[in-house]
Every structure is written in C-alpha cells, then in structure tokens.
1. Report the residue, chosen from Ala69, Ala80, Ala173, that carries the largest GNM mean-square fluctuation when the chain is represented by alpha-carbon nodes joined by springs under 10 Å.
2. Can you sort Met141, Met118 by how many other beta carbons sit within 10 Å, fewest first?
3. Hey, how much of the P(r) for the stretch 19-123 falls beyond 18 Å, as a percent of Cα pairs?
4. Among the lysines, select those whose C-alpha is under 16 Å from the C-alpha of Lys121, and discard any that sit fewer than 8 residues away in the same chain.
5. Figure the gain on full extension for Ala169 and Asp103 (residue separation times 0.36 nm, minus the Cα-Cα span) and round it to one decimal in nm.
6. Give me the one-decimal nm value for the distance between modelled label points at Lys184 and Thr65, 7 Å along each residue's Cα-to-Cβ direction.
7. Could you work out, for the stretch 243-295, what percent of all Cα-Cα pairs fall into each 10 Å distance bin, beginning at 0 Å and stopping at the bin that holds the largest distance?
8. Measuring from label point to label point, each 7 Å out along Cα→Cβ, what is the His126 to Glu22 span in nm?
Amino acid sequence: MSLFAMFTSAGQTGFGYGSTAEQVTEGLSLAGRTILVTGCNSGIGQEACRVLALRGALVLGTARTKEKATAACVTFPGKAIGYACELSDPSSVRGCVAAVKADGHRIDAIICNAGIMMLPKLEKSHGYELQFFTNHIGHFMLVTGLLDQLKDESRVVVLSSEGHRQAPAGGIAFDNLSGDKGYKPLTAYGQSKMANLLFAKELQGRFSGTRKTAYAVHPGVVDTNLARNLGSVLRRGLAAIGPLFLKSVGEGAATEVFAAVNPKALPLAGSYLSNSNVEKPRADAEDAALAARLWAESEKIVQAL
Ligand SMILES: NC(=O)c1ccc[n+]([C@@H]2O[C@H](COP(=O)([O-])OP(=O)(O)OC[C@H]3O[C@@H](n4cnc5c(N)ncnc54)[C@H](OP(=O)(O)O)[C@@H]3O)[C@@H](O)[C@H]2O)c1
C-alpha cells in the first residue's frame, strides 16, 4: 500500500488513519451517557474528553490531582467533572473509585487513556517498575473497583500501543516486575502496553454472557507530552517530521472514542483496534492463559498494596 493510500483509505468500519474523533462521532448524540477518561488534561485524552462532551456525554475526567482535572474539565464544551486519580498511588486510585461511587455515577464507558513512556532510569512504585504500575496496575485497580458502576452495555477501552511488540519474550516478565533484574526503557514500556492488551482481552472474556465489552487500542503516533522522556534530538526530529508522519491529536483520539461510543465497534469487541479498525497484535497478546495469569498476578499485587 502506498503511503498516500495508507493515510487516506478507510477500513471496513468506514474510518481510517486520517479519521478524527469528531468524525467517528459525527451524528451521534451521547446525551445521557457518562464516560470516564483517565489523563483528561493532556494529549489525546484531553481531545477525547473535548469531543465526548461536545456530543453531549457527561465526562468524568481524571488527572493526577483534582486541580489539574478540574482545570481541564472547565475547558470542555459540555458537562465534565474532574476527579483526582494518581495511577501510581493506590490510595489515590481507591479515592477516585470511592468518589465516583459516592457521586452516584453509573458509567457507560471507561477509557484507560493515561500513561507514561520510556522512563530513562528505573523508577518504581510499591516495588514495581513504574510504567507497569502506572499504565497497567493503576488502571486494573480503577476498572475492577468500578465494575459495579458499569451499566449493562458499558464498554472498557484500554490504551495500548504498537510499542507492545517491544515487550520481553513471553510477553510479561513475571520474575522481573520490579525491574531489578534488568531495565530497558523501551522493553518496560512494551511490557506495560502488552499488559494493557492482555487486560482488555481477559476483561472481554469475563464480560462473556453480558452485553459489556472491552477493547485495546493503538492510537497512532501522535506528538504529545508522552515523548517528554525521549532525548531532545529525537524530540526535535519528531517535531520536524510531525506534519508528514504524525497524527494530529484529533486523529490520535479517534480510535479510543470510536471504541467507546460508536455502534460499529460493538462487533469488534475484544479486539485490538488501530485506525478504528481491527489490527493483529503480537501473538502472545492473544494468549488466553497469559491474560488469565496476568489478571491473577495483578489481583495478588493489588491485594498486597
Ligand atoms: N502519543 C503517541 O504517539 C502514543 C502512541 C501509542 C500509544 N499511546 C498511548 O496513548 C495514551 C495517551 O498518551 P498521550 O500521547 O496523550 O500522552 P500525554 O499527552 O503525555 O498524556 C498522558 C496523560 O496521562 C497522564 N498520566 C501520566 N502518568 C500518570 C499517573 N501516574 N497518574 C495519572 N495520570 C497520569 C498525564 O498526566 P500529566 O500531564 O499530569 O503527566 C496525561 O494526562 C497513553 O496510554 C500512551 O501510552 C500514545
């Protein structure tokens, strides 16, 4: 496929690389829907919130602090409420779950969007490598804590990445979740994004027999604050090629918004989506036994926190 065709063609859903979050929600009224989005103050999460609010949804936007979340939420063109949810701090995640419950929200979709990438040096929370803890464990706690708040047809969307292909052999290095036995920034990011994919897969399995659905998403390559840990040369390079090879935030937010609200996503439940269409992930991301093991290990980790 030529580059031009890749950027302009549409897949089976009618959407493609160049579709924006506004386009994948065109004509949809989200009035009466409540959608929780983590990472509402930056990048594609912020754009997803803007578009969901524009279409009439009540957005529950989370950020590391209530102040950050509220500051973002007041800018959205509709109803939005900010909540604190520092994903690397279990007490903050539990506080977010408690606050959402106390406010009586019944949820139509959760978009696990927040994330960090390629920390140059090993950092940890509660003894676990920080990307695994933030990107996976934090969201695992949040979603499992809110399961009772989900409406009958609700959807859970987990942001993964093509970076999942950089995960270690076997997918998840269960014997090195601390990073102490070796740490490589890209491998650790890849492992956390593999965990995001496996979490969505296991969740879809657990939703079987219900009308709830789960999806994993690669948003595309978008120039956001996510690249803050890349070296300055690489960042300048990204900025230079950006207009040609990077998605805009509108294009980057499209697939997560598509998965969360578009009726055409429903037959694709349980899939890994990119450009608002099904994409084949690395083989171990489809390993049901691995997904079940990660769920069990995550439960053990969370119980001990
Ligand atoms: N951009 C890309 O090319 C790309 C490609 C593949 C996948 N993704 C995925 O897309 C998602 C969104 O990324 P983005 O590009 O929009 O990045 P971004 O602009 O850096 O936004 C990331 C969001 O996550 C929040 N966050 C980070 N650590 C957190 C923590 N410990 N607790 C709570 N919130 C935290 C950030 O809050 P602060 O602003 O306070 O740090 C920010 O709101 C991520 O999951 C990323 O892995 C992005």
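1. Answer for the Gaussian network model of the chain: Ala173.
2. Met118, Met141
3. 45 percent
4. Straight-distance partners of Lys121: Lys181, Lys184.
5. So the chain would gain 19.4 nm between Ala169 and Asp103.
6. In this crude label model, Lys184 to Thr65 measures out at 3.7 nm.
7. For the stretch 243-295, the pair-distance distribution reads 22, 38, 32, 8, 0.
8. So the two model labels end up 4.1 nm from each other.
Each value in this text was obtained by applying a stated rule to the coordinates, not by laboratory testing. Worth saying up front: this structure is predicted, and the values here are computed from it rather than measured. All Cβ positions, even for glycine, are placed from backbone atoms using ideal geometry, and neighbour counts span all protein chains on display.
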